[in-house]
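The numbers here are math on the coordinates, done by the rules we state, and not lab data. What you see is a predicted model, and the numbers here were worked out from it, not measured in a lab. Note that we place each Cβ from the backbone using ideal geometry, even for glycine, and neighbour counts take in every protein chain shown.
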Ligand code: PMP
C-alpha cells in the first residue's frame with residue numbers, strides 16, 4: 001500500500017498530522033464548541049427561500065466581492081455588543097469559508113516561507129497547522145499562570161522573536177481565558193507586523209465587554225477575525241469573516257481564489273444576518289450553562305478554568321483518556337486537547353449539560 005512517505009510530498013509536510021477532532025455519531029456532541037441549539041425553524045424557512053432564489057442564478061459565477069454580505073457583516077459588527085469605537089465599514093470586511101480560511105488568507109498574504117508567526121499555546125490548534133501549510137514558521141510564546149497573557153509576557157515574546165504576524169485568541173481556545181485589550185494594544189505597539197485577534201467566541205463574553213473591534217481605528221496592522229460557526233449556530237454553512245483596515249482587505253484579494261464564496265453561501269449568510277438577534281437568542285442560555293459547568297465541575301472535585309467562551313477546560317482529571325471513554329460509552333463526546341490531566345467540554349443545552357454532569361458524578365461515586 002502506498003503511504004504518504006512514498007509520495008513526492010513537500011519536505012515540510014512530512015511527518016505532520018492533519019487537524020483531527022473525532023467526528024463520531026453520538027447523541028450528545030460537546031467536542032468542537034458548536035452551538036448545540038439548532039437554527040430556529042422560522043429562520044430555516046427564510047434561509048431556504050433565499051438559497052432557492054439564488055439557485056435561479058447559479059449558472060453564473062457569484063459576486064466575487066460578496067458586496068451584500070459585506071454590508072450585512074459590517075452592519076452586524078457596528079451594532080454588536082462590544083461596540084466598535086467607530087462603525088465598521090463594508091470595505092473593512094473580508095469573509096471566507098469559515099474563519100479557518102480567513103486565517104489562511106492572512107498567512108498567505110503576510111506569512112509564507114522565510115516569515116514567522118508568533119502564537120501563545122495552548123491555543124487553537126489550526127493556527128499552527130495553517131501556518132505550516134503556508135510555509136510560515138510557527139514560534140511559541142509563553143503564557144502566565146492560569147493560561148493568562150499579560151502585556152509584559154506577550155511583549156517579551158514579540159521582542160524575542162520579531163514576528164511578521166502575531167496570533168492572539170480572545171477568549172482563548174481551548175482554555176476559555178479572556179484576553180485584556182491592554183495586551184492586544186501592547187503587542188501592537190511592540191510589533192512591526194500584522195496582529196490578528198481571533199475572536200471566534202466574542203459573542204459569549206460578558207455583556208457590554210469591549211472587544212478588539214474597539215481598537216481598530218488608527219491601527220492599520222490590526223485584524224479581528226470572527227465566525228458564524230459558534231454563536232450564530234451556523235457552523236455547517238462555513239462562514240468566517242474579519243474586520244481590518246481596507247488596505248489589509250486589498251492584500252487578501254491578492255491571495256483568494258476567484259469566487260471563493262459560493263452564491264449559495266452568500267445568500268444563506270445574508271438571510272441569517274437579516275435575523276441576527278433571533279440567530280443569537282441562545283447566547284444567554286449558553287453562557288448560563290457555561291457558568292453552571294464552572295460551578296458544578298468544581299463541586300465534583302475538578303479544577304475548571306474561568307471561561308468567557310462557550311466551553312470549559314477543566315483540570316484535576318486523573319485519567320483523561322478513561323474519563324473521555326467513559327463519557328463516550330454513554331454517548332457523550334467531549335475533547336481531549338492533549339493537556340495533561342485536562343479535558344474540554346462545550347456548554348450545550350440544559351439537558352445535555354445535565355446529562356454530562358450526571359454521568360461524571362456517577363463515575364466519581
Ligand atoms: N478560531 C477559533 C479560536 C476556533 O475555536 C475555531 C473553531 N473551533 C475557528 C477559529 C474556526 O472556525 P470556523 O472555521 O468554523 O469559522
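Can you give me the Cα centroid spacing of the range 256-273 and the range 193-230 in angstrom? Here the answer is 22 Å between Cα centres. I'd like the distance between the alpha-carbon centres of the range 274-291 and the range 83-161, rounded to an integer number of Å. Between the Cα centres of the range 274-291 and the range 83-161 lies a distance of 27 Å. In square nanometres, what is one fourth of the surface area of the convex hull spanned by the alpha carbons of the range 164-317? Mean projected area of the Cα convex hull: 10.9 nm².
Structural size metrics of the range 1-145, computed from C-alpha coordinates, are Rg and Dmax of 20.1, 58 Å. Working note: Debye formula, equal point scatterers on the alpha-carbon atoms of the range 1-73, no solvent; log10 I(q)/I(0) at q = 0.13, 0.16, 0.22, 0.26 Å⁻¹ is -0.87, -0.94, -1.02, -1.21.
Based on alpha-carbon centroids, what's the gap between the range 18-48 and the range 303-351 in Å, whole number please? Measuring centre to centre over Cα atoms gives 18 Å. Only beta bridges with both residues in the chain are counted; by DSSP, about 45 percent of them are antiparallel.
Computed over the chain with a Gaussian network model linking Cα atoms closer than 10 Å, the most mobile of 351, 131, 285 is 351.
For 101, 71, the sequence from fewest to most other C-beta atoms within 10 Å is 71, 101. By the count of other C-beta atoms within 10 Å, a proxy for reagent exposure, 319, 245 are ordered fewest to most as 319, 245. Between 50, 185, 145, which gets the highest mean-square fluctuation from a Gaussian network model of the chain, Cα cutoff 10 Å? Maximum among the listed residues: 145. In the range 54-104, the convex hull through the Cα atoms has an average projected area of 4.7 nm², a quarter of its surface area. Over the chain, dividing the summed -39,500 (n - 2.57) contributions of all DSSP H runs of at least 4 residues by the number of residues returns a 222 nm mean residue ellipticity of -11000 deg cm²/dmol. Going from the fewest other Cβ atoms within 10 Å to the most, the residues 191, 150 appear in the order 150, 191. Across 296, 207, 152, mean-square fluctuation computed from a Gaussian network of the chain (C-alpha pairs under 10 Å connected) peaks at 207.
Cα convex hull, the chain: 156 Å³ per residue, rounded to a whole number.
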